Amino acid sequence: MGSLSSAVYTVLFFFLWYHLNRIFYVYILFSELDKQFYTGFTLDLKSRFKAHTGGFVKATKNRRLLKLIYYESYAEELDARRREKYLKGGHGR
């Protein structure tokens, strides 16, 4: 039974570590082509930006050249999603 307790603690540790070490990003891109902004949300800012600039994101594939002009990081997903919604709603523009 001792090993079961150890396994439970191991799972709990990794669960907590995963959830406490996630960073959520809200970002703004600027299109040099149409002079418009794009606001998004992601867990992996570097990969998401590469997807945008590589033409793999439907919303921006025809709007390249793109520049990452701003980003914010959040510990809580809900805070990041609320901020993204605020910025997309025009209140934060």
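The values are calculated or read from the model by the stated rules, or taken from the named source; none is laboratory data. Because the structure is a prediction, the values reported are computed rather than measured. Here the Cβ positions follow ideal geometry from the backbone for every residue, glycine too, while neighbour counts run over all protein chains shown. For accessibility, only protein heavy atoms count, side chains too; no ligands or nucleic acids. Shrake-Rupley method; radii C 1.70, N 1.55, O 1.52, S 1.80 Å.
Within the range 15-42, if we keep just the residues that are under 13 Å from Tyr74 (Cβ atoms) and in contact with a strand residue (DSSP E or B) (Cβ under 6 Å, 6 or more places away or on another chain), the residue that is surrounded by the fewest Cβ atoms within 10 Å (Cβ to Cβ) turns out to be Ile23.
Out of Leu66, Leu45, one residue alone is of a type outside the set (S, T, N, Q), modelled with pLDDT of 95 or more and out of contact with any Phe, Trp or Tyr (no Cβ under 6 Å at 6 or more places or on another chain). It is Leu66.
Consider the range 51-75 and keep the residues that are of a type in the set (D, E, K, R) and farther than 23 Å from Tyr18 by Cβ. The one that is least open to solvent (accessible area, probe 1.4 Å) is Arg63.
Pairing residues of the range 45-58 that are free of Cβ contacts under 8 Å to residues at least 24 places away in the same chain and under 18 Å from Glu84 (Cα atoms) with residues that are of a type in the set (A, V, I, L, M, F, W, C) and open to solvent by 60 Å² or more (accessible area, probe 1.4 Å), at Cβ distances under 6 Å and at least 6 apart in sequence or on separate chains, gives Phe49/Leu68.
Within 20 Å of Lys88 (Cα to Cα) and of a type in the set (Ser, Thr, Tyr): does that describe Thr10? Walk me through how you get there before you give the answer.
Working: within 20 Å of Lys88 (Cα to Cα): no; of a type in the set (Ser, Thr, Tyr): yes.
No, not satisfied.
For beta carbons closer than 6 Å, sequence separation of 6+ or different chains, a first residue in the range 62-88 that is under 11 Å from Phe41 (Cα atoms) and a second that is open to solvent by 70 Å² or more (accessible area, probe 1.4 Å), the qualifying pairs are Ser73/Ile23.
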